[in-house]
1. Viscosity 0.692 mPa s, temperature 37 °C: what is the translational diffusion coefficient of the chain from Stokes-Einstein with a Kirkwood Rh over Cα pairs, rounded to a whole number of µm²/s?
2. Which lysines have a Cα less than 22 Å from the Cα of Lys110, not counting those fewer than 8 places away in the same chain?
3. Pop out the Kirkwood hydrodynamic radius of region 1-101 from its pairwise C-alpha distances, inverse of mean 1/r, in Å to one decimal.
4. Quote the FRET efficiency, to the nearest 0.05, computed for Ile50 versus Leu221 with a Förster distance R0 of 56 Å and r equal to the Cβ-Cβ distance.
5. Per-residue ellipticity at 222 nm for the chain, helices alone: DSSP H runs ≥ 4 residues times -39500 (n - 2.57), over residue total, nearest 500 deg cm²/dmol?
6. Quick one: compute a quarter of the convex hull surface over the Cα atoms of region 244-375 and quote it in nm².
7. Taking the Cα-to-Cβ direction at Glu300 and at Arg87 and moving 7 Å from each Cα, how far apart do the two end points lie in nm?
8. Send over a whole-number figure in Å² for the accessible area per residue of the chain, probe 1.4 Å.
Amino acid sequence: MKKEQAGLYIHIPFCLSKCGYCSFYSIKSVNLIPEYIAALKKEIKYYRNIFSSFDTVYIGGGTPSLLSAQQINDLISTVNKYFDIDRQTEITMEVNPGDVSLEYFQMLHKLGINRLNIGIQSFDNKILQLLGRRHSAKEAIAAIEAARAAGFDNLGIDLIYGVHGVSIKSWENTLQKAVYFKPEHISCYQLSLSEKTPLHKKYSSDGWQLPDEDTELKLFLTTAEELENAGYIHYEVSNFARLDKFKSRHNQKYWQHVPYLGLGPAAHSFWGNRRWWNKAAVKTYLKEIAQDKMPVENTETLSMEQLQLEALFLGLRTKAGIDLKLYKAKYGVDLLANKKTIIDALIKNKFVELKGEFLRPTRAGMAVADSLALI
Ligand code: SF4
């Protein structure tokens, strides 16, 4: 495999408690963290002759802020030992407001973490409780203030909308509160509920419903308008940045088929036309690494058709849209000629527009981005 600069994702699959809506795999056995860090360090080393440098590193979870600053240092030093990363590398860490302090943030900043993503979700204690988050609104605000005081000038926050009992008006208030703190990046995710999550059970037993299509659309448009009016760039369906330079460089790799390496259980990696992913259970992961094995669950080789479809799906979720020239060069398809009738209809109905060499979703198109890709 040719050496190439890529993005690195490090997964920390531990959570002290399970949020009511969360269907991601994570475990509460924090006593395994030291062993887990040692295993991750071995996995990092496995790839030393495959990848050479990373210009983004993303420590996500789970709850990475359950790791001590020393453990984070251990991981970053190991990445540094085997790969080229420099001061320009975007190094993001996800943090939970309940775990952090000024001192912790100061240590992370010293270690070279230059971007934080804080899982705030709501500024309303009742909603936080309903979602099963283990932090309060006060702690969320304290986390933002502590991050600023520690010198972080690239802060992202996550919010959830579409929660039972939150009117459009109170969602607007939440957005205004968020904007007040001027985070460089805001991600707004609509609540979705998988079966078997405690919140799904609560919705069923209390006869609650997720928002219908009309309300969903209103919430989406309100979010886009509020944040754009506050000066944010709506650059992907769920993502807003204060300036171009604050768009998540790491996440853009996922959307643009740029290579990335994922480490830790269930982490996915991508290179060229290959995708591979690790075994999901922490104990299996630890066992395989202890036996000096690659903990890979499976690998797939994507056909040109699959790559084309993915690029279409991902491109139409972004404001930049699809670079038609690049699309043709990469996937061998002249999209406009190939899907002329349907694209003409989408343009006529103002779901997409042609801007120079780009096919872009309009705001209305972004609201239904997942169905647009079915063209
Ligand atoms: S902190 Fe994140 S990963 Fe952990 S349970 Fe909550 S939503 Fe899921």
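1. On the way: Rh = 21.9 Å.
The Stokes-Einstein estimate is 150 µm²/s.
2. Lys41, Lys81, Lys245
3. Value: 14.4 Å, from the Cα pair sum.
4. Once rounded, the FRET efficiency stands at 0.80.
5. When only DSSP H runs of four or more count, the value is -12000 deg cm²/dmol.
6. Dividing the Cα hull surface by four gives the mean projection, 9.7 nm².
7. Placing both labels 7 Å along Cα→Cβ, they lie 4.3 nm apart.
8. Ligands and nucleic acids excluded, the figure is 47 Å² per residue.
The values are calculated or read from the model by the stated rules, or taken from the named source; none is laboratory data. Small disclaimer: the values here were computed from a predicted structure and weren't measured. Heads up, the Cβs are rebuilt from the backbone with ideal geometry, glycines too, and the neighbour counts pull from every protein chain shown. Side chains are part of the model used for accessible areas, which takes the heavy atoms of the whole protein and leaves out ligands, DNA and RNA. Shrake-Rupley method; radii C 1.70, N 1.55, O 1.52, S 1.80 Å.
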